[in-house]
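Asker: Just passing along the structure, written as structure tokens.
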Amino acid sequence: MSTMRRILLLAALLTPSIGAVNSQTGTSVEAKDNLYQTVASLDTVLFEAVNRCDLEKLGTLVTDDLEFYHDRSGLAVGKQVFLSSVKNNICGKMSRELVPGSLEVYPLKGYGAIEIGIHRFHHPGHDDVWPVGEAKFIHIWQYKDGVWKLSRVISYDHK
């Protein structure tokens with residue numbers, strides 16, 4: 001079993017199901033649906049900024065100490081490192097779309113939310129030459145002082 005699968009399995013075993021969280025905390029289905037809609041909206045805004053290479057907007061959506069774990073390039077730490085990476089490796093070279101039906105959202109008590117999904121990467125004007133890629137991702141969103149920001153990213157299983 002791969003290391004990432006072990007980590008995800010451990011996380012799944014240590015994280016109570018949404019139903020259990022709801023029964024223990026009294027969180028309503030409406031609150032869960034609101035969290036899902038909030039995170040889905042954040043995902044849209046985040047990747048509209050990435051796809052448009054709007055680095056100013058993108059910078060407002062991530063924490064200063066962002067940690068980005070990528071199965072092929074390793075760990076990158078910090079907002080500026082992230083923004084430079086997007087500028088140098090993504091802008092004008094690829095665009096991202098969320099795979100429909102893949103989004104999962106879970107509350108992270110006292111911190112924010114966990115977003116899990118699959119995304120697809122296109123190479124505008126070059127999809128016929130460069131293959132469309134897919135990868136799985138986990139985003140940790142922090143809710144602090146009334147503002148949501150992306151604080152941790154794990155991007156893995158790139159194909």
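The values are calculated or read from the model by the stated rules, or taken from the named source; none is laboratory data. Just so we're clear, the structure is a prediction, and the values are computed from it rather than from any experiment. Please note: Cβ atoms are built from the backbone with ideal geometry, for glycine as well, and neighbour counts cover all protein chains shown. Accessible surface areas use protein heavy atoms only, side chains included; no ligands, DNA or RNA. Shrake-Rupley method; radii C 1.70, N 1.55, O 1.52, S 1.80 Å.
Asker: What about GLY117, is it modelled with pLDDT of 95 or more, outside any helix (DSSP H, G or I) and open to solvent by 80 Å² or more (accessible area, probe 1.4 Å)?
Answerer: No.
Asker: Report whether or not ALA11 is modelled with pLDDT under 95, in a helix (DSSP H, G or I), open to solvent by less than 50 Å² (accessible area, probe 1.4 Å) and not acidic (Asp, Glu).
Answerer: Criteria met by ALA11.
Asker: Provide a single number: the residues in the stretch 98-110 that are touching a helix residue (DSSP H, G or I) at 6+ places or on another chain (Cβ under 8 Å) and open to solvent by 30 Å² or more (accessible area, probe 1.4 Å). Spell out the reasoning first.
Answerer: Residues of the stretch 98-110 that are touching a helix residue (DSSP H, G or I) at 6+ places or on another chain (Cβ under 8 Å), as a first pass: 98, 103, 105-107, 109.
Now restrict to residues that are open to solvent by 30 Å² or more (accessible area, probe 1.4 Å): 98, 106-107, 109.
So the answer is 4.
Asker: Tell me, yes or no, whether the stretch 30-39 has at least one residue that is within 20 Å of ALA113 (Cβ to Cβ), open to solvent by less than 50 Å² (accessible area, probe 1.4 Å) and free of Cβ contacts under 8 Å to residues at least 12 places away in the same chain.
Answerer: Looking through the stretch 30-39, at least one residue is within 20 Å of ALA113 (Cβ to Cβ), open to solvent by less than 50 Å² (accessible area, probe 1.4 Å) and free of Cβ contacts under 8 Å to residues at least 12 places away in the same chain.
Asker: Got a number for residues in the stretch 43-101 being in a strand (DSSP E or B) and basic (Lys, Arg)?
Answerer: So the answer is 1.
Asker: Name every residue in the stretch 14-29 that is assigned to a helix (DSSP H, G or I) and either open to solvent by 90 Å² or more (accessible area, probe 1.4 Å) or modelled with pLDDT of 50 or more (or both), in order of residue number.
Answerer: Within the stretch 14-29, LEU14, SER23, GLN24, VAL29 qualify.
Asker: Is it true that GLU134 is open to solvent by less than 70 Å² (accessible area, probe 1.4 Å), of a type in the set (D, E, K, R) and modelled with pLDDT of 95 or more? It would help to see each step written out before you state the result.
Answerer: Values: open to solvent by less than 70 Å² (accessible area, probe 1.4 Å): yes; of a type in the set (D, E, K, R): yes; modelled with pLDDT of 95 or more: no.
In short, no.
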